[in-house]
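These notes are about the structure you will find just below.
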């Protein structure tokens, strides 16, 4: 199986969600199923069917998280010797040369990506262009609207 890169923060979030699902959500659903069974005929019992559906979603998510964690290559960027280069987990401040717009992104695994939170997937065009580059390097990102040039302003390993 292919190991998927994951930051320490991303792995901790998945572990927290898994613990919540196992210790809070699963027992609540089991209780809801038990309560619904007590109402009698299960064929026409909407509460029972809704609880079983919730159980299915929760168990699916538990299996998904366990699989992700077992196949994860957890990378602690604070302990990585990157020699000033952009690597997985690095936080990079870049400036779009044409507009002067400055943005900051952390390069993370696909499951952790959230553009609203400034985290981009290692597989994104911007991240692929940045990997291996250094401060003051210019990178060209092939975007649907054409090529965009960025200059790397700073790199942090936090």
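Can you pull out the residues in segment 1-38 that are outside any helix (DSSP H, G or I) and either more than 30 Å from residue 107 (Cα to Cα) or in contact with a helix residue (DSSP H, G or I) (Cβ under 9 Å, 6 or more places away or on another chain) (or both)? Please lay out each step first, then the result.
Narrowing segment 1-38 to residues outside any helix (DSSP H, G or I): 1-7, 38.
Of everything in segment 1-38, those that are outside any helix (DSSP H, G or I) and either more than 30 Å from residue 107 (Cα to Cα) or in contact with a helix residue (DSSP H, G or I) (Cβ under 9 Å, 6 or more places away or on another chain) (or both) turn out to be 1, 4, 6, 7, 38.
Which fully enclosed strands (runs of 3 or more DSSP E) of segment 60-158 have 2 or more residues being surrounded by fewer than 17 Cβ atoms within 10 Å (Cβ to Cβ) and touching a helix residue (DSSP H, G or I) at 6+ places or on another chain (Cβ under 8 Å)?
Values: elements: 72-75, 91-96, 102-108, 119-121, 138-143, 146-156.
Filter on segment 60-158 gives 138-143.
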Worksheet item: Using beta carbons and a limit of 8 Å, which pairs, at least six apart or on different chains, have the first residue in segment 101-117 and not assigned by TED's automatic domain parsing to the domain that holds residue 68 and at pLDDT 95 or above and the second one surrounded by fewer than 13 Cβ atoms within 10 Å (Cβ to Cβ) and in a strand (DSSP E or B)?
Response: none
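Regarding residue 155, is this residue touching a strand residue (DSSP E or B) at 6+ places or on another chain (Cβ under 9 Å), touching a residue at least 40 places away in the same chain (Cβ under 8 Å) and either under 13 Å from residue 93 (Cβ atoms) or assigned by TED's automatic domain parsing to the domain that holds residue 69 (or both)?
yes
The values are calculated or read from the model by the stated rules, or taken from the named source; none is laboratory data. The structure displayed is predicted, hence computed values, not measured ones. All Cβ positions, even for glycine, are placed from backbone atoms using ideal geometry, and neighbour counts span all protein chains on display.
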